[in-house]
Amino acid sequence: MQELAERVAVITGAASGIGRGIAEAAAAKQMRLVLADIEPKTLDAAADALRAAGAEVAAVPTDVSDAGAVTRLGEAALDHFGAVHLVCNNAGVLVAGSLWENSLDELRWSVDVNLWGVIHGIRTFVPILLEQGGEGHIVNTASMAGLTAAPYLDIYNATKHAVVALSETLHKELAMLESGVGVSVVCPGLIQTRIMESARNQPGTGDRDPDARTLSEGGNFITGFLSAGIDDGWPPSRVADAIFDAVAAQRFYVIPAQEPVKAGLYQRLDELREERNPALPGIFSEPS
């Protein structure tokens, strides 16, 4: 899509981080916004700030793990603006640690948000885009964890690899249909977000201190590595700019990641081509 002014963008996980960055970039392009997030107060604050800057905004509290909630999000977008053109399935959470040190509730929650959230978004919005006809675009947020496999991110890696696979499949299906709907998958590197605070939105945790969770040495290693990298990471606006460049160019892969992070991807590609065993990427140090 080249012309974005007055078109409608639906963004999940829009209250903070990458989602907020996408919303701000979309507003700067004079798009009309439907913002969705599970945190109502933060969502309202983001919507108010964008309205104050002149954007047309509808804020819809949404739990993307709930199929009915995402269906209602689609209905709200059509009720407010009559159409949808850009859909960013962006909401995501991170649970660190090996499979056997995570509870089943944590694992299911990760799959429900990271994978089923994207599935619900595709099932809700692709039919709308196809029925409308004309141009449209789906943007699914994965991660570099969808292209590589860092240790002690077992369930996160699995869900993000699945998002990449779903997105690639959808891209091919829409091309076969000769539709005007494009697809992009976003695989960011280390970005300044609140993803390390994901537990704040996990059902049933109440006011539990996420730092009080007991992890193995490896789980603590990856948590410390990611926390430090995110603190020094790129701003979400850099991801948003890359997304809109890709939408304009109809480009599938969007990989706004630091070169040392991308090196892990290049290493994995070499391992696949040469059919050799996976090795720890150079960006990581072995836990002591």
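The values are calculated or read from the model by the stated rules, or taken from the named source; none is laboratory data. Keep in mind the model is a prediction, meaning the values are calculated, not measured. As a convention, Cβ positions derive from the backbone with ideal geometry for all residues, glycine included, and neighbour counts pool all protein chains shown. The area values use the complete protein model at the heavy-atom level, side chains included, leaving out ligands, DNA and RNA. Shrake-Rupley method; radii C 1.70, N 1.55, O 1.52, S 1.80 Å.
For this structure, a couple of remarks:
- So ALA76, is it assigned to a helix (DSSP H, G or I), touching a strand residue (DSSP E or B) at 6+ places or on another chain (Cβ under 6 Å) and either without any contact (Cβ under 8 Å) to a residue 24 or more places away in the chain or surrounded by fewer than 23 Cβ atoms within 10 Å (Cβ to Cβ) (or both): yes
- Among the residues of segment 115-146, those that are of a type in the set (A, V, I, L, M), over 12 Å from the mean Cα position of the chain (by Cα) and open to solvent by 20 Å² or more (accessible area, probe 1.4 Å) comprise ILE119, ILE122, ILE128, LEU130.
- Residue match in segment 95-116 (condition: touching a helix residue (DSSP H, G or I) at 6+ places or on another chain (Cβ under 7 Å) and closer than 18 Å to ILE138 by Cα): yes
Yes/no per residue for (1) closer than 28 Å to MET196 by Cβ; (2) part of a helix (DSSP H, G or I); (3) touching a residue at least 40 places away in the same chain (Cβ under 8 Å):
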{"position": "ALA55", "(1), (2), (3)": "no, no, no"}
{"position": "VAL60", "(1), (2), (3)": "yes, no, no"}
{"position": "SER65", "(1), (2), (3)": "yes, no, yes"}
{"position": "GLY68", "(1), (2), (3)": "no, yes, no"}
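- Of all residues in segment 203-226, those being more than 17 Å from the chain's Cα centre (by Cα), surrounded by 12 or more Cβ atoms within 10 Å (Cβ to Cβ) and either under 17 Å from LEU153 (Cα atoms) or modelled with pLDDT of 90 or more (or both) number 12.
- All positions within segment 79-98 that are of a type outside the set (A, V, I, L, M) and either open to solvent by 40 Å² or more (accessible area, probe 1.4 Å) or in contact with a Gly (Cβ under 8 Å, 6 or more places away or on another chain) (or both): ASP79, HIS80, GLY82, HIS85, CYS88, ASN89, ASN90, GLY92, GLY97, SER98
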